[in-house]
Amino acid sequence: MTDHHAARSAETFAALHRQDRPLLLPNAWDHASAALLHAHGFPAVGTTSLGVAAAAGLPDGVRATREETLRLVGTLGPLPFLLSVDAEDGFSDDPGEVGAFAAEVRARGAVGINLEDGLGLVGRHVAKIRAVRLAAPGLFVNARTDTYWLGNGEGTRERVLAYRDAGADGVFVPGLTDLGAIAVFVRDLEECPLNVLYAPGGPSLARLGDHGVRRVSLGSLPYRRALGAALDAVVAVREGREAGEGTVPSYREVQELVG
């Protein structure tokens, strides 16, 4: 990808966070899942670190999938959609190493990166964000805090404002579903887009948008649903029931995804 094309793609991705409706970002784990999502109208696709890890037989969140992530970005980067990469915590505590990883991700065609703090030191995550901005100019940095995912929400405001001020293009607070709290964070963040994780049974995409959320990620939900659908089909056949419920792409349709 040329620098000019990368800059235009990054600008397009950033603009998707400034629409009337939130950007719904589905998350893929391989070529077929990403291509299928794009074929059905999604202009941007993220990756899911759980899906990438589990598909490779590795645990998520322990820095085991750096190379698998890069390989997937190399596969998906040339495809005709905007790609954002779930990079756990950048696979290192060293901001320079995280910046180098981000530069490689950008060179392979990604326009965004998601970096989680794991409730670690605020200053360390700030340094990582700054390093990524320096090493991979134009890459959309979505800075994730795990205050709701791993904790009770304490310290969220301090973290999201610190990450915004460090240069994050957006902040991600998975586990945050309370619409009142969402509205407060949106107000405090001003023009910095708030990203939340869709929660089955929680607020709808429309209600999240009404409260100022600019991006809604699906995380590992599509991957886990795919595993569940595969299991349901196999069990149905074993029990003598029909196994064709739900959406089942044909053999030809799947072949065309890689054509």
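Summary table
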read-out	value
Positive-pole candidate from His17, Gly57, Ala28, dipole of segment 1-111, charges at beta carbon	His17
Segment 152-251: trypsin sites (Lys or Arg not before Pro) in DSSP loop, at most 15 other beta carbons within 10 Å	Arg241
Exposure rule at most 11 other beta-carbon atoms within 10 Å, DSSP loop GluC sites (Glu not before Pro): the chain longest free segment	1-153
Cα-based helix-to-principal-axis angle, 179-189 vs the chain, degrees rounded to 10	50
Net dipole in debye of segment 115-196 [+1 Lys, Arg Cβ; -1 Asp, Glu Cβ; about Cα centre; nearest 20]	280
On Cα atoms only, tilt of 156-165 relative to the major axis of the chain in degrees	80
Antiparallel bridges, percent of DSSP beta bridges restricted to segment 91-229 (to nearest 5)	0
Average Cα contact separation per residue, the chain, under 8 Å, 6 or more apart, as relative contact order %	19
Magnitude of the charge dipole, the chain, Cβ model with Lys/Arg +1 and Asp/Glu -1, debye to 20	300
0 to 90° range, to nearest 10: angle between helix 95-107 axis and the chain longest Cα axis	50
Value of [θ]222 nm, deg cm²/dmol, for the chain, DSSP H segments ≥ 4, -39500 (n - 2.57) each, nearest 500	-14000 deg cm²/dmol
Residue of Val171, Val73, Val186 that the Gaussian network model of the chain assigns the largest fluctuation, springs spanning Cα pairs under 10 Å	Val186
Quotient of C-alpha Rg and 2.2 N^0.38 Å, computed over segment 1-143	0.98
Two-site label geometry, Leu119 and Ala107: point separation in nm, points 7 Å out along Cα→Cβ	3.7
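Each value in this text was obtained by applying a stated rule to the coordinates, not by laboratory testing. Small disclaimer: the values here were computed from a predicted structure and weren't measured. Here the Cβ is made from the backbone with ideal geometry for all residues, glycine too, and neighbour counts use every protein chain on show.
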